[in-house]
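Reading through the structure tokens given below for one structure.
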Amino acid sequence: MENDSTILSLRGLVKRYGEATALERVDLDVRRGEFLTFLGPSGSGKTTTLNLIAGFIEATEGSMLLDGEPLEKLQAHERNLGVVFQHYALFPHMTASGNVEFPLKQRKMSKSERTTAVQAALEMVRLGSYADRYPRQLSGGQQQRVALARAVVYRPPILLMDEPLGALDKKLREWLQLELRRIHRELGSTFIYVTHDQEEALVLSDRIAVFNEGRIEQIGSAHDLYDAPETLFVGRFIGESTVIKGTFADGRFTAAGRGLQVTGSIPSGRGAVLIRPENLAISGPDGTGLPDRAVNRIEGTIEDIVYLGPARKYNIATEHGTAIVRVPEREAAAARIGDRVMFGWAPDDAVLLADTETPVEAVSAT
Ligand SMILES: Nc1ncnc2c1ncn2[C@@H]1O[C@H](COP(=O)(O)OP(=O)(O)OP(=O)(O)O)[C@@H](O)[C@H]1O
Ligand SMILES: [Mg+2]
């Protein structure tokens, strides 16, 4: 429900282009001051939702409230929201400070106030000494920082960003992610950020809305999504996991003819157990050395071993598909590719999910 901490509410948003549906239905309450990220695969509706909020396109159905006021009545420029998009370029004929000053001139702020605000915004993005440079004299990362300063200089209540770091190299992106977190803390305003990069979402966000096929499948903290995914799609999209498909019936789970122990709230029908790599224990093929609580045990063959520094990751081929096991490096055994192994887990450590994915046969038939 909407309450005092809600700054923006989206209700039943649908967007169609002729026959094509870009947004099936989106309902969302954005909390005041949060860093909210839209995460999802290409074509899932992230940009469409952001464009609806910004006022660049109109919804086919549904409504939006900003601080309780209908947003649809306002033109994009009247919404007073900050926007930083990958393609939302700087004005090439204006210096960095000219670009940042532009929205303040539009708002008829006095010259002395403008000068102070522009300098503060450029300093916030650590470009205080670049005020007189033109965009062509700035690197891609510096240009995006000027764009950010321009978007926040008039203190919009919400800043909308669509893959603003998408065109930058990894090192620069990682640094700017930390900068964005700092700027978010300093401004205290609400950030809505779009990315298809789950690591970026985990680094930045207070909450993440996971988009799939024009809907939000789940919204929560990184922790919620990792530990308690509500759908198989979310479980697979966030982090790594081993997924074993089978059938839930009478409180039991059967996969490829064998029973596995499950606990908690047990679905019925086609479903899956999902286990995170750090919750699987690994041993030799006889299972000695697996902890007692790892009552579910499956055999397989090591397909690949990846060294991650503090941990080692094993990909294990099994009759249920590939399993992923991660063990701390100091506990790693001298296993090699091709070795037979056994891995196991405690029922408590598995997430139980309904299987809503399209069966492989149906996909290949189309
Ligand atoms: N103007 C348009 N006309 C027709 N279909 C559109 C239009 N704009 C978007 N779509 C469709 O709507 C769906 C959602 O697009 P959207 O741009 O929101 O995806 P996205 O989640 O931002 O993806 P990406 O990560 O690739 O940017 C896509 O299937 C897209 O093809
Ligand atoms: Mg997009």
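Laboratory data are not the source of any read-out in this text; all were calculated from the coordinates shown. Since we're looking at a predicted model, the values are computed, not measured. We place every Cβ from the backbone using ideal geometry, glycine too, and count neighbours over all the protein chains shown.
So if the hydrodynamic radius of the range 6-227 is defined as the Kirkwood radius over C-alpha pairs, what does Stokes-Einstein give as its diffusion coefficient at 20 °C and 1.002 mPa s, in µm² per second? Before the final figure, lay out each step's value.
Working: Rh = 17.9 Å.
Rounded to a whole number, D works out at 120 µm²/s.
Compute the relative contact order of the range 209-351 as a whole-number percentage, counting only Cα pairs closer than 8 Å that sit 6 or more residues apart in sequence.
Normalised by residue count, the contact order of the range 209-351 is 24 percent.
Decide, for the range 79-161, between rounded, prolate and oblate: order the square roots of the alpha carbon gyration tensor eigenvalues as a ≥ b ≥ c, take rounded if a/c falls under 1.5, and otherwise choose prolate if a/b is larger than b/c, else oblate. Each step should come with its number before you reach the end.
Numbers: a/c = 1.58, a/b = 1.12, b/c = 1.40.
Since a/c reaches 1.5 but b/c is at least a/b, the shape of the range 79-161 is classed as oblate.
Taking only Cα atoms and a 10 Å spring cutoff, compute GNM fluctuations for the chain and point out the largest among L168, L280, L202.
Evaluated over the chain, the most mobile residue of the options is L168.
Which of these, Y307, Y154, Y130, has the largest mean-square fluctuation under a Gaussian network model of the chain (Cα springs below 10 Å)?
Among Y307, Y154, Y130, the largest GNM mean-square fluctuation belongs to Y307.
Could you give the distance between the Cα centres of the range 161-187 and the range 55-133, to the whole Å?
18 Å
Go ahead and run the numbers for FRET between E58 and T288, Cβ-Cβ distance against an R0 of 45 Å, rounding to 0.05.
Values: r = 65 Å, r/R0 = 1.44.
Calculated value: 0.10.
With a 10 Å cut-off between alpha carbons and a GNM built on the chain, which of P285, P164, P267 moves the most?
The residue with the greatest mean-square fluctuation here is P285.
Can you compute the charge dipole magnitude of the chain about its Cα centre, using +1 on each Lys and Arg Cβ and -1 on each Asp and Glu Cβ, nothing else charged? Give it in debye, rounded to the nearest 20. Provide the component values of the computation, followed by the final result.
On the way: 42 positive and 49 negative charges, 271 e Å.
Here the chain has a charge dipole of around 1300 debye.
Tell me the angle of helix 170-187 to the major Cα principal axis of the chain, expressed in degrees between 0 and 90 and rounded to the nearest ten.
60 degrees
Assuming 0.890 mPa s and 25 °C, estimate D for the range 198-243 with Stokes-Einstein, Rh taken as the Kirkwood radius over Cα pairs, in µm²/s. If you can, show how the numbers build up before the last one.
On the way: Rh = 10.6 Å.
Stokes-Einstein gives a translational diffusion coefficient of 232 µm²/s.
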